[in-house]
Every structure is written in C-alpha cells, then in structure tokens.
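Okay, so here's the structure we're looking at.
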Amino acid sequence: MPRSHPAESRTGRTRSPHPPRRRASRAAGARWATRPSRVWWLVAAVLVAAVVLLAIDHRHELAAATRLLARVSPPKLALATVFEAASLVCFAGVQRWLLHTGGARLSLRTMTALAMAAGALAGALPGGVAFSAAWLFRQLRRRRVGQALAAAVLVVSGALSVFSCSSCSRQGHSARA
C-alpha cells in the first residue's frame, strides 16, 4: 500500500497542518453577550452606592450648584458657547498655519478635532497637559508630520497660548486700576 502524504486523510482530502480551532458554543457566547456576570453586578452596585453616599455627603454643594445653574441666562450661555467654539477653531487654525508653514497639509477640521481631544485629555487626567502633548505629538506623527515640525508646532502654539493669556490678564488687571 503506498504511503500517503501526512496532510492527507483516509478519504484522500488534504487537511490543514494546523490543529482545528475550538469554537465556543453559540449558547455560551450568547449567554455572556446578554447577561453580565455576578462580579459585574457587584462592582456596579458598589459604584452606585459610592455615588449615592457622595451625593448625600455633598448635598449642600449640589444644591448651591443647582441654584447657580438655574440663574444662567440661556442667550448668554449660547453666546459663550459660540465664543468658546470660535476660540477652539482659532487655536486649531494657528496650529494648522504653523504646520502649513512647515510643509504639512492638514485640514482645519482635523486640527480642530485634535485640539478638542487634546484639551479633553488635559482637563480629564491628572498631569493631563503632559499626556495631551504626547498624544497630540503622536497624532501628528501618524499623519506624517515630521518629528521636528510636530515638536516645534506644539512648543510655538503653547508659547503663543501662554503669551495671549498673560497679555489678557495684564489688560484686565490694568483696567481695574
């Protein structure tokens, strides 16, 4: 009897040299997809209890914040939101202009999205300014911006931001005197 190739089975069909993968049963996969485990429920219950206890402990601060929010003028809030959005787009425009000067072409939309995300990182994490600068640097590098140009844009736009904030605070301080 002639020897068959090791990859051939008795039926003569070629089989894969790799062992077959084990597949989880659909019933088990569906169970996990629809019903969280007991540990998940326990963690969720502990978190909800912690939030309730914090709210009870800080109820006076929450009541004061609610009173302040009730006094906000909707038209003034809308105007402040428009000015904040314009400020963010202007900051992204400065970064885009600096990149354009260095030879990189990124849209204003992309730069606005990156500036917004970097600002969110800066505000959400402890030491977030460092994390947001590193994240923004990586995002610029992913978009094929040179290392030196990306670093220069971050330094110059940060310096311009500090300069504008300090000059605005000086103007406000001298106006009071």
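Assorted remarks:
- Residues of the stretch 14-55 that turn out to be among the charged types (D, E, K, R) and modelled with pLDDT of 60 or more, as a count: 4
- Residue check, S161 of a type in the set (S, T, Y), open to solvent by less than 40 Å² (accessible area, probe 1.4 Å) and at pLDDT below 95: no
- Which numbered condition W97 fails, given (1) out of contact with any helix residue (DSSP H, G or I) (no Cβ under 8 Å at 6 or more places or on another chain); (2) within 16 Å of S161 (Cα to Cα); (3) open to solvent by less than 90 Å² (accessible area, probe 1.4 Å): (3)
- Check on L114, open to solvent by less than 40 Å² (accessible area, probe 1.4 Å), assigned to a helix (DSSP H, G or I) and free of Cβ contacts under 8 Å to residues at least 40 places away in the same chain: yes
- Every residue from the stretch 72-96 that is part of a helix (DSSP H, G or I) and either at positive phi or among the aliphatic types (A, V, I, L, M) (or both): L77, A78, L79, A80, V82, A85, A86, L88, V89, A92, V94
- Residue satisfying condition, being open to solvent by less than 40 Å² (accessible area, probe 1.4 Å) and under 19 Å from the mean Cα position of the chain (by Cα), within set L125, L121, L140: L140
- Looking across the stretch 41-71, just one residue is outside any helix (DSSP H, G or I) and surrounded by fewer than 10 Cβ atoms within 10 Å (Cβ to Cβ), and that is R71.
The values are calculated or read from the model by the stated rules, or taken from the named source; none is laboratory data. The model shown is predicted, which means the values in this text are computed figures rather than measured ones. Note that we place each Cβ from the backbone using ideal geometry, even for glycine, and neighbour counts take in every protein chain shown. Surface accessibility is based on the protein's heavy atoms, side chains included, excluding ligands, DNA and RNA. Shrake-Rupley method; radii C 1.70, N 1.55, O 1.52, S 1.80 Å.
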